[in-house]
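K.L.:
Got a structure here, written out as structure tokens. Questions coming.
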Amino acid sequence: MPNNSKHQRTGTPSKESPKAKKSKPDKHDKVEGHKMAAPTDVNTAGARRTLSMEVQSEEISPPWFVSFEHRLEQRFDGLTRSLDDIGFRLVEHDEKLKALDFDSQNMKADIAKLQHEKELLAAKLDDIENRNRRNNLVFYGIPEMDKEDCSVSMKDMLTDFVGVDPSVLSHIDRCHRTPTFRRPAHNQQDKPRIIHMGFSSYTSREAVRKACMNKFKMEQFKGKKIFVSEDFSKRVMDMRKKKMDTFKKIQREGKKPFFSYPDIIRYRDSDGKVVTV
């Protein structure tokens with residue numbers, strides 16, 4: 001017995017079973033185990049609390065919030081329908097604008113066509129008017145007398161001053177001043193009214209015109225410089241006025257320009273050839 005007790009006191013310690021080892025982890029293992037297990041427990045607990053709060057919030061949403069959410073959804077639905085309607089209307093307006101643009105292009109073409117036709121008609125009417133004036137002459141600067149008989153005084157002037165054959169003057173159809181009425185403040189200092197003279201034949205008119213041009217260039221009538229010209233419409237006269245600067249420039253160069261119908265400026269060069277400006 002004593003030997004056995006001694007052996008138990010002084011002998012080598014007996015081996016512990018594996019089970020006993022596992023049941024007694026060391027201090028280091030305890031700390032690491034605690035650190036590794038803690039996050040899992042916290043995350044799980046947090047997720048459970050969040051889910052629990054969501055479930056509770058869904059279950060206990062107050063009535064005013066539900067009503068507000070419902071009205072908000074209705075507003076969004078209404079806005080969506082309004083935007084769709086606006087988009088549809090924009091498409092319609094775009095198509096209408098395209099149609100209007102097409103119509104405006106057609107209208108512009110029609111207006112241009114009408115304008116061209118108007119110009120052609122105006123030119124034709126002007127040509128007819130000038131043909132009716134073909135046998136007329138216009139006299140400028142002839143002194144005006146009180147209670148004058150224009151036809152008698154003009155025949156006397158053409159016979160006595162210009163030297164026109166009286167037989168030619170028998171072809172005068174009419175002779176009057178324009179305008180036909182005298183201005184109230186008329187006196188000798190006023191510019192005399194022009195005289196229109198109409199002939200029954202173009203030949204007689206040309207005979208008188210050429211005789212007057214030759215005479216008026218050389219001599220004044222009663223101390224006044226007078227002129228004679230063909231009778232044209234206002235349109236032709238305005239066209240010629242626009243070219244008077246060119247006309248006078250050619251005159252200053254020592255040439256003798258003249259107008260051809262309607263407003264073409266021509267002159268003769270040193271060889272006698274007609275040059276068109």
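The values are calculated or read from the model by the stated rules, or taken from the named source; none is laboratory data. Small disclaimer: the values here were computed from a predicted structure and weren't measured. Here the Cβ is made from the backbone with ideal geometry for all residues, glycine too, and neighbour counts use every protein chain on show. For accessibility, only protein heavy atoms count, side chains too; no ligands or nucleic acids. Shrake-Rupley method; radii C 1.70, N 1.55, O 1.52, S 1.80 Å.
K.L.:
If a residue must be open to solvent by 20 Å² or more (accessible area, probe 1.4 Å) and either more than 23 Å from R193 (Cβ to Cβ) or in a helix (DSSP H, G or I) (or both), how many such residues does segment 129-172 contain? Before the answer, list the steps.
P.N.:
Just the residues of segment 129-172 that are open to solvent by 20 Å² or more (accessible area, probe 1.4 Å), to begin with: 129, 131-135, 140-141, 143, 145-149, 151-153, 155-156, 159-163, 165-168, 170-172.
After this cut, where a residue has to be either more than 23 Å from R193 (Cβ to Cβ) or in a helix (DSSP H, G or I) (or both) as well, the list is 129, 131-132, 151-153, 155-156, 159-163, 165-168, 170-171.
Looking only at that region, the number is 19.
K.L.:
Something else: Being open to solvent by 90 Å² or more (accessible area, probe 1.4 Å) and either of a type in the set (D, E) or touching a Phe, Trp or Tyr at 6+ places or on another chain (Cβ under 6 Å) (or both): is that true of D126 here?
P.N.:
Details: open to solvent by 90 Å² or more (accessible area, probe 1.4 Å): no; either of a type in the set (D, E) or touching a Phe, Trp or Tyr at 6+ places or on another chain (Cβ under 6 Å) (or both): yes.
So D126 does not fit the description; no.
K.L.:
Now for a different question. Identify, please: which residue in segment 265-277 is among the β-branched types (V, I, T) and over 23 Å from C212 (Cβ atoms) and is, among those, farthest from the chain's Cα centre (by Cα)?
P.N.:
Applying the first criterion (among the β-branched types (V, I, T)) to segment 265-277 yields 265, 274-277.
With over 23 Å from C212 (Cβ atoms) added as a condition, the list becomes 275-277.
Details: V275: 41, T276: 37, V277: 35 Å.
Among those that are among the β-branched types (V, I, T) and over 23 Å from C212 (Cβ atoms), it is V275.
K.L.:
On the basis of being touching a Phe, Trp or Tyr at 6+ places or on another chain (Cβ under 9 Å), of a type in the set (A, V, I, L, M, F, W, C), closer than 19 Å to I142 by Cβ and surrounded by 11 or more Cβ atoms within 10 Å (Cβ to Cβ), does V208 make the cut? Break it down into steps so the answer makes sense when it comes.
P.N.:
On the way: touching a Phe, Trp or Tyr at 6+ places or on another chain (Cβ under 9 Å): yes; of a type in the set (A, V, I, L, M, F, W, C): yes; closer than 19 Å to I142 by Cβ: yes; surrounded by 11 or more Cβ atoms within 10 Å (Cβ to Cβ): yes.
So V208 fits the description; yes.
K.L.:
Name every residue in segment 230-259 that is more than 20 Å from M213 (Cβ to Cβ) and among the polar types (S, T, N, Q), in order of residue number.
P.N.:
S233, T246
K.L.:
Hey, R89 hits all of (1) open to solvent by 100 Å² or more (accessible area, probe 1.4 Å); (2) closer than 30 Å to M237 by Cα but one; which does it fall short on?
P.N.:
Going through the list (1) open to solvent by 100 Å² or more (accessible area, probe 1.4 Å); (2) closer than 30 Å to M237 by Cα, R89 breaks only (2).
K.L.:
So, in segment 247-277, exactly how many residues are free of Cβ contacts under 8 Å to residues at least 24 places away in the same chain and either among the small types (G, A, S) or open to solvent by less than 50 Å² (accessible area, probe 1.4 Å) (or both)? Explain how you work it out, then say what you get.
P.N.:
Pass one, segment 247-277, residues free of Cβ contacts under 8 Å to residues at least 24 places away in the same chain: 247-249, 251-260, 264-276.
The next check asks that each one be either among the small types (G, A, S) or open to solvent by less than 50 Å² (accessible area, probe 1.4 Å) (or both); those that pass are 247, 254, 257, 259-260, 265, 267, 270, 272, 275.
Total meeting the criteria: 10.
K.L.:
Sort through V274, V228, V236 and tell me the only one that's over 16 Å from Y140 (Cβ atoms), aliphatic (A, V, I, L, M) and touching a strand residue (DSSP E or B) at 6+ places or on another chain (Cβ under 6 Å).
P.N.:
Details: V228 fails: over 16 Å from Y140 (Cβ atoms); V236 fails: touching a strand residue (DSSP E or B) at 6+ places or on another chain (Cβ under 6 Å).
From the options V274, V228, V236, the qualifying one is V274.
K.L.:
Six or more apart or on different chains, Cβ atoms under 8 Å: show the pairs whose first residue is in segment 225-246 and touching a residue at least 24 places away in the same chain (Cβ under 8 Å) and open to solvent by 30 Å² or more (accessible area, probe 1.4 Å) and whose second is part of a loop (DSSP other than H, G, I, E, B) and β-branched (V, I, T).
P.N.:
Matching pairs, first to second residue: T246/V277.
K.L.:
Where the second residue is hydrophobic (A, V, I, L, M, F, W, C) and open to solvent by less than 100 Å² (accessible area, probe 1.4 Å) and the first is in contact (Cβ under 8 Å) with a residue 40 or more places away in the chain and lies in segment 105-132, which pairs have Cβ atoms under 6 Å and are six or more apart or on separate chains?
P.N.:
These pairs meet every condition: N130/F232.
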